[in-house]
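Undergrad: The structure follows.
The values are calculated or read from the model by the stated rules, or taken from the named source; none is laboratory data. Given the structure is predicted, the values throughout are model-derived calculations rather than measurements. Here Cβ is always computed from backbone atoms with ideal geometry, including for glycine, and neighbour counts include all displayed protein chains.
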Amino acid sequence: MKLHRAIAALLLASVAAPLAAGPPYLTDDPVPTDLHHWEIYAFTSADGHGPDFDDATGLDLNYGGFKDVQLTATVPVSLTHEASNALRAGTGDLELAVKYRFVHDERSGISAAVFPRAILPTSSLDHGGKTRLLLPVWVQKDFAGGTTLFGGGGYEVNPGDGNRDFWQAGAALTHDVSDRLSFGGELTRQGRDTDDGGAETSAGVGAILKLSDHDALLVSGGPTWAGDRTSYHVYAALGLDF
């Protein structure tokens with residue numbers, strides 16, 4: 001499995017507060033949804049080269065169920081196209097996750113969380129799939145002036161014929177240009193996930209624009225290198241917080 005391109009969770013704060021880290025980047029962050037708040041995101045993402053691409057479009061649902069705990073469900077619709085085949089569409093793999101922040105030191109600006117995720121084989125385009133498990137740890141450091149460094153990674157259990165378990169990691173640096181606008185960049189790395197596959201390295205830039213106190217526009221994109229092949233990933237989402 002590729003590092004999922006459609007992890008679509010934005011943590012919106014009030015207008016006077018800094019913009020949150022995390023999505024739209026491939027790298028996640030340790031900050032959970034605020035207690036008893038919902039964050040709902042309509043997203044679309046694509047990864048490919050020329051006429052060959054994979055796309056996911058859907059909803060990402062996040063709820064702050066307990067102190068320092070976020071409950072997440074991602075419900076995608078998948079699209080795939082190869083030069084030799086017609087476009088195919090169907091349900092994607094449902095993802096269920098729980099983020100638990102076990103370090104939150106406001107004085108030092110350091111946070112850390114685990115974010116285990118189960119990817120269920122519900123895709124109508126990939127019959128015979130198996131449940132995969134991602135077991136990551138994410139850390140973050142906030143600096144004065146609105147700059148944030150976050151990253152981490154983990155191990156994915158990827159069962160199935162011809163598949164391999166693998167490690168993945170990433171780091172991102174963002175800066176709040178204003179109360180409403182943030183820019184950033186990142187670098188990620190994933191080990192090979194199949195017997196005949198190879199490792200991948202991705203780079204990207206992103207931005208978050210708060211449209212109001214309760215909604216925002218997120219965009220990101222960049223290249224992915226795997227051996228001598230270069231592809232591109234793009235992501236866009238509209239987020240609602242209440």
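Undergrad: Given the structure, is GLY58 surrounded by fewer than 16 Cβ atoms within 10 Å (Cβ to Cβ), modelled with pLDDT of 70 or more and not hydrophobic (A, V, I, L, M, F, W, C)?
TA: Considered against the rule, which asks whether it is surrounded by fewer than 16 Cβ atoms within 10 Å (Cβ to Cβ), modelled with pLDDT of 70 or more and not hydrophobic (A, V, I, L, M, F, W, C), GLY58 comes out as no.
Undergrad: Just to verify a result, which residue in the range 121-136, among those that are under 20 Å from the mean Cα position of the chain (by Cα) and either assigned to a strand (DSSP E or B) or among the aliphatic types (A, V, I, L, M) (or both), is nearest to ASP176 (Cα to Cα)?
TA: Among those that are under 20 Å from the mean Cα position of the chain (by Cα) and either assigned to a strand (DSSP E or B) or among the aliphatic types (A, V, I, L, M) (or both), it is PRO136.
Residues checked against (1) among the aliphatic types (A, V, I, L, M); (2) under 14 Å from the mean Cα position of the chain (by Cα):
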| site | (1), (2) |
| --- | --- |
| GLY90 | no, no |
| PHE102 | no, no |
| ALA113 | yes, no |
| ILE119 | yes, yes |
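Undergrad: Can you tell me which residues in the range 164-206 are of a type outside the set (D, E, K, R), in contact (Cβ under 8 Å) with a residue 40 or more places away in the chain and surrounded by fewer than 19 Cβ atoms within 10 Å (Cβ to Cβ)?
TA: If the condition is that a residue be of a type outside the set (D, E, K, R), in contact (Cβ under 8 Å) with a residue 40 or more places away in the chain and surrounded by fewer than 19 Cβ atoms within 10 Å (Cβ to Cβ), then ALA171, LEU181 are the ones that fit.
Undergrad: List every residue pair whose Cβ atoms lie under 8 Å apart, where the two residues are 6 or more positions apart in sequence or sit on different chains, the first residue falls within the range 216-242 and is crowded, with 16+ Cβ neighbours inside 10 Å, and the second residue, located anywhere, is of a type in the set (Lys, Arg).
TA: Cβ pairs passing all conditions: ALA216/LYS210; HIS233/ARG5; TYR235/ARG5.
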